[in-house]
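A short write-up of the structure that comes next.
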Amino acid sequence: MRVNWFLMLACVLASLYAWQQDPNWAEQNLVFSLNNLYAGRDWTLVTALFVHAGWEHLLGNLPFLFVFGNTLEKMIGRNNHLLVFFLGGFTSFLLPPLIGIYGPDTGMLGASAAIFTLAAIVMLMSPLKFSWLFLAPQGLVAIIYFVLNVALVYAPSMIPGYNPNVAYIAHVIGFTVGIPFGIAWSLHWKKNLVISIGLFSIYLVILALLGALTGIQTPFGVF
């Protein structure tokens, strides 16, 4: 059985457990913050990867963990899969408060940043792997959400759906962590990157045509 299924199950069980607890207790003992780390609650670096803020948060992450996690584990094995999942998640939690982007009391939780790490590696290793869940090549899905999160960091007012409670910068960091692993594990990462960028360019052209013809509000606004 793939270890990715256990990661998904851990997200569900940890979240259900956290939602039954007193919110103040959960914030101190399950959610990561620099203050919790300084107070010796270093286990929160792990628990925060699996605990989610609510059903919407959890159900928003699980499909991406299912798609990218299962694809990647098949290619690199369970040990490497766990390595990049936790490394991406830990780095994305630690770096923003350490460099002053967030305050030491800012709570962070959820698997999304770690999933972005997996997505970056899949993009550089197998971008044309088709996802029937998303009805799109996985390299395209990965680069769309990376670019969207970069845009949300730098120009949040221009992007529909901006949520100030989401750590978009952590997603960007998680994706960045995955890039050197994708390069190291792929013999054709340059070609795969070009393929992903090409797919994204086609996607943008389609959005532009839709916007021009219908005025439909797209993820990147009305073209």
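The values are calculated or read from the model by the stated rules, or taken from the named source; none is laboratory data. Since we're looking at a predicted model, the values are computed, not measured. Please note: Cβ atoms are built from the backbone with ideal geometry, for glycine as well, and neighbour counts cover all protein chains shown. When the accessible area is computed, the model is the full protein with side chains, heavy atoms only, and any ligands, DNA or RNA have been set aside. Shrake-Rupley method; radii C 1.70, N 1.55, O 1.52, S 1.80 Å.
Quick notes
- Computed FRET value (nearest 0.05) for Trp55 with Asn163, which takes r as the C-beta separation and R₀ as 22 Å: 0.90
- In this structure, the amide hydrogen of Phe32, modeled 1.01 Å from its nitrogen in the peptide plane, lies closer than 5 angstrom to those of Ala48, Met108, counting only residues at least 5 positions away or on a different chain.
- Rounded to the nearest whole Hz, the Karplus-based 3J(HN,Hα) values (6.51 cos²θ - 1.76 cosθ + 1.60, θ = phi - 60°) of the stretch 75-91 follow the sequence 8, 10, x, 5, 5, 5, 4, 5, 4, 6, 4, 6, 4, x, x, 4, 4, with x at glycine and proline.
- Relative contact order of the chain, pairs being alpha-carbon contacts under 8 Å that are 6 or more residues apart, as %: 20
- Of the peptides 52-59, 79-86, the ranking by mean beta-carbon count within 10 Å, highest at the top, reads 79-86, 52-59.
- Where the stretch 84-223 is the region considered: accessible area per residue in Å², 1.4 Å probe: 49
- For the chain, the share of accessible area belonging to carbon and sulfur comes to 68 percent (1.4 Å probe, ligands and nucleic acids excluded).
- The sum of -39500 (n - 2.57) across all DSSP H runs of n ≥ 4, divided by the residue count of the chain, sets its helix-only mean residue ellipticity at 222 nm to -23500 deg cm²/dmol.
- In degrees, nearest ten, helix 3-19 long axis to first principal axis of the chain (Cα): 50
- Cα gyration tensor shape of the stretch 126-212, rounded if a/c is under 1.5, else prolate or oblate by comparing a/b with b/c: oblate
- Whether the stretch 80-184 is rounded, prolate or oblate, judged on the alpha carbon gyration tensor where a/c under 1.5 counts as rounded: oblate
- Using a simple spin-label model with pseudo-atoms 7 Å out from Cα toward Cβ, Leu13 and Leu82 lie 1.4 nm apart.
- In order through the stretch 170-180: 3J(HN,Hα) via Karplus (6.51 cos²θ - 1.76 cosθ + 1.60), integer Hz, x for Gly, Pro: 5, 5, 4, 5, x, 4, 5, 4, x, 4, x
- Simple spin-label estimate for Leu187 and Asn70 in nanometres, 7 Å along Cα-Cβ: 2.8
- Between Ser131 and Ala136, Gln138, the built amide H atoms are under 5 Å apart, and every one of these is 5 or more places off in sequence or on another chain.
- Each of Trp25 and Asp42 was given a label point 7 Å from its Cα along the Cα-to-Cβ line. The distance between the two points is 2.5 nm.
- Put simply, when 164-176, 201-213 are sorted by average Cβ atoms within 10 angstrom per residue, most first, you get 164-176, 201-213.
- The phi torsions of the stretch 185-194, fed into the Karplus equation with coefficients 6.51, -1.76 and 1.60 and a -60° offset, translate into couplings of 9, 10, 6, 10, 5, 5, 4, 5, 5, 4 Hz, rounded to whole numbers, with Gly and Pro shown as x.
- Rounded if a/c under 1.5, otherwise prolate or oblate - the stretch 28-132, Cα gyration tensor axes: prolate
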